[in-house]
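Below: one structure, written as structure tokens.
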Amino acid sequence: MKAIVLSSGGVDSTTCVALAVHDLGKENVSSVSAYYGQKHKKELECAEKIAEYYGIKHYEFDLSAIMQYSNCALLDNSTEKIQHKSYAEQIKEKGMVNTYVPFRNGLFLAVATSLAMSINPDEETVIVIGAHADDSAGNAYADCSEPFIWNMNQAVEKGTYNKVKIVAPFVGKNKAEVVRVGLELKTPYELTWSCYEGSEKPCGKCGTCIDRIKAFQKNGTTDPIMKE
């Protein structure tokens, strides 16, 4: 069994890398990330560092051309500003968050599936995604929801002769539970990046920063990249 982990360089995906390496061994694990025009390009550097830390093969794809027509606040070409509010506040005001990238996880899963069939043609492969319950709560990110993951998996299994399937180990857990698992696995969170702002240091105010800080606090510790 092989595993390809969708790696954004953040908390959730890095915990998935740690879990996959723990369960399958580093020789059976690869990671993949994508540039899609995001402001926070630092996450790509972090994904590479995490792959180096675990000694696994890492792949990176450029999907920016697909996103050139989107005005999502997360993108470099956007006229929208990233909201310094929690996801819940944004949903209450506008019904969705302005950092939703159109069908991003669908694209990532499709790319990873094609990669799996290319590099592991004769072996079964699981595509691991770090989607969790907090991201899908209130439909903040519809492509993190359990129904979305389930339906994508049905398509992937059918389209790959049942050689590839999608695994989302945290889809029913909140971010604090993800961090708890990661701390048990000694995940190198000091190498990760989550902030949506493309700055040198995390803003601590955007939706993902807020969620991340709270998740570590609920585990009785401080986010290592916030200690500086």
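The values are calculated or read from the model by the stated rules, or taken from the named source; none is laboratory data. Only a predicted model underlies this, so the values are computations on that prediction, with no experimental measurement involved. Don't worry about glycine lacking a Cβ; one is built from the backbone with ideal geometry, like all the others, and counts go over all protein chains shown. Remember, those area values only see protein heavy atoms, side chains included, never the ligands or the DNA or RNA. Shrake-Rupley method; radii C 1.70, N 1.55, O 1.52, S 1.80 Å.
Summary table
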{"read-out": "Sole exception among (1) open to solvent by less than 30 Å² (accessible area, probe 1.4 Å); (2) farther than 15 Å from Thr15 by Cα for Val181, by number", "value": "(2)"}
{"read-out": "Any chance Thr192 is polar (S, T, N, Q), open to solvent by less than 60 Å² (accessible area, probe 1.4 Å) and farther than 23 Å from Tyr100 by Cα", "value": "no"}
{"read-out": "Extreme residue, farthest from His84 (Cα to Cα), among residues of segment 195-226 that are exposed (fewer than 14 other Cβ atoms within 10 Å of the Cβ) and of a type in the set (Gly, Ala, Ser)", "value": "Gly220"}
{"read-out": "Among (1) open to solvent by less than 60 Å² (accessible area, probe 1.4 Å); (2) under 22 Å from Ala65 (Cα atoms); (3) part of a helix (DSSP H, G or I) - the single one Ser114 does not satisfy", "value": "(1)"}
{"read-out": "Residues of segment 19-41 classified as under 27 Å from Asp122 (Cβ atoms) and outside any loop (DSSP other than H, G, I, E, B), total", "value": "15"}
{"read-out": "Test: residue in segment 152-171 that is part of a helix (DSSP H, G or I), in contact (Cβ under 8 Å) with a residue 24 or more places away in the chain and closer than 27 Å to Glu52 by Cβ", "value": "no"}
{"read-out": "Search result, residues across segment 42-69 that are among the small types (Gly, Ala, Ser) and open to solvent by less than 20 Å² (accessible area, probe 1.4 Å)", "value": "Ala47, Ala51"}
{"read-out": "Any hit, segment 129-146, residues being at negative phi, out of contact with any helix residue (DSSP H, G or I) (no Cβ under 9 Å at 6 or more places or on another chain) and open to solvent by 70 Å² or more (accessible area, probe 1.4 Å)", "value": "no"}
{"read-out": "Qualifying residue in segment 42-53 (condition: in a strand (DSSP E or B), farther than 19 Å from Lys165 by Cβ and at pLDDT 95 or above)", "value": "no"}
{"read-out": "Segment 137-148: number of residues that are part of a helix (DSSP H, G or I) and within 13 Å of the chain's Cα centre (by Cα)", "value": "2"}
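Matching residues to (1) open to solvent by less than 20 Å² (accessible area, probe 1.4 Å); (2) not in a helix (DSSP H, G or I); (3) not polar (S, T, N, Q):
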| residue | (1), (2), (3) |
| --- | --- |
| Lys81 | no, yes, yes |
| Glu93 | no, no, yes |
| Leu107 | no, no, yes |
| Val126 | yes, yes, yes |
